[in-house]
Each structure stands twice: as C-alpha cells, then as structure tokens.
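The values are calculated or read from the model by the stated rules, or taken from the named source; none is laboratory data. Keep in mind that what you see is a predicted model, and the values were worked out from it rather than measured. Don't worry about glycine lacking a Cβ; one is built from the backbone with ideal geometry, like all the others, and counts go over all protein chains shown.
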Amino acid sequence: MFTNKVKGADCTHLFKSAYENRYTWESNFPGYEGICSWSDGKREIKGSFTLGQDLKSNISEIDDEEIHKAISSQLWEVAIHRVRRSFEQTHGKNTFTFGDTNEIGSEIIVGGKNEGDKYRVKNNVVTMVNRHIHGNLIIIHTEDVTHTGNGYLSKSYSSQYLDPISKNDLKGKSFYKDDFIPLYKGGPWVLASRSIHQKSLEGSISNKQVFSFSELKSLYSI
C-alpha cells in the first residue's frame, strides 16, 4: 500500500495510518485504582492511587513529596497519551513528505504549523519522534511495542531533551521499559510497571527508578 517512498513525495497516508494505529482509550474510560510503588533498588515506597475518568490522579499514603510527585507524573504522562484525538485535530495544519529511509524506518518531514518536526515510521509504528516542544527539542526512539489488538503501545524506548540550537543534551538520555495489561477482560490497557534509567557514555546505568501498579480495578462498571 505504501510503496511510493520517493524523497519529497507526499506521505500523509503513511503517517496518518501509524498515528491512528496508536492505542488510545475509549470515550467511556471508567478510571481505575490500585496499589502504587516506587523503588530505586535501595528502598521501596508504597501507597495507593486513583486515576479518575477526568484523568486526574490522586496518590495516598505517600508522604515523601518527591516520590508522590514522581508517581503522579507517570500516571499523568501515560493517561495524556491515551486521549483519542483525530488526525485532523492534531495534524490538520501540517504537511508530510518523505525523507530518507534507514533501519529505523521511513523519515517523515513535517511542514506547515509544526515545520521542523520529523518522525520515522516502520511497520505502521511511529519509531522516532523529533519534535520542538516548549523551547526544547525532544527525540524519542521506540525499539519495541506491545500490540493490544486495538493499536500499539510503546514498550521499550528512549527519550532525550536537547537544546534546539546547539543540540546539547539538557537532561541526559533516559531509557524506558513499560508493561501494560488490560484492566479487565476486554477493558482498557493500563500501565502495570515502568522502569526508567539513564546510561552514561561508558554504558553504566544510573538513576534507575521502577514504578509499579498492582491490584488494579475499575472505578465504575462499563
């Protein structure tokens, strides 16, 4: 279907297909609750949480402000990416043309409102994101995904924040591994665990954090 990969040719069809192949929640998402924990390999802190239908989280039984904020941030980050927006809503003011093709996938060059952004697509999956957000250049590489049967979820990926002018690294490269499970049979897929670490140029791992979410149950029956 997507064989015309001539550099400069329109490839809206390719990018739209991959965009719509991302897993998102239905509009009747019920919200859910469960046990949450954070660990850095030396200590573990547990609490409970709810994530409402409005996608707002509430963390209980965790007094450490930094850990409380970190868990809430992960829940928010996952939830905001599950919101379903049409391709036209998100990218209606953009154009998409082919760049090169490599082992990561076909390069998608963005014009229009978000000119300067780039993506790569392979096997109907967005494998690379290169976006300018809030004055930073954010680069995400996806290595592995979970296929839900109703779209894909990123499973193993990295993210990096760069200065858009100098291309200097601002935060260090972070590596993620996510495990998603269905909340109940046929229900929405939610995050069960996420590990995040940074890797030095020498290959040593630092700042490892593991977030776990268990005993998950829906807030409302649907």
Please enumerate the residues belonging to the stretch 104-136 that are modelled with pLDDT under 95 and of a type in the set (A, V, I, L, M).
133
Residue check, residue 166 polar (S, T, N, Q), farther than 30 Å from residue 25 by Cα and touching a Ser or Thr at 6+ places or on another chain (Cβ under 7 Å)
no
With the condition kept exactly as written, say whether any residue in the stretch 133-156 is surrounded by fewer than 17 Cβ atoms within 10 Å (Cβ to Cβ), basic (Lys, Arg), closer than 30 Å to residue 214 by Cα and under 18 Å from the mean Cα position of the chain (by Cα).
yes
Pairs, first touching a residue at least 12 places away in the same chain (Cβ under 8 Å) in the stretch 5-24, second of a type in the set (D, E, K, R) and part of a loop (DSSP other than H, G, I, E, B), C-beta under 6 Å, six or more apart
24/82; 24/84
Screening 12, 24 for residues that are in contact with a Ser or Thr (Cβ under 9 Å, 6 or more places away or on another chain) and modelled with pLDDT of 95 or more leaves only 12
In the stretch 69-86, residue surrounded by the most Cβ atoms within 10 Å (Cβ to Cβ) [restricted to those that are farther than 16 Å from residue 20 by Cα and not hydrophobic (A, V, I, L, M, F, W, C)]:
74
Can you find, within the stretch 37-53, the residue that is surrounded by the most Cβ atoms within 10 Å (Cβ to Cβ) among those that are free of Cβ contacts under 8 Å to residues at least 12 places away in the same chain and farther than 17 Å from residue 192 by Cα?
43
Count - residues of the stretch 99-119 that are in contact (Cβ under 8 Å) with a residue 24 or more places away in the chain, of a type in the set (Val, Ile, Thr) and buried (at least 16 other Cβ atoms within 10 Å of the Cβ):
1
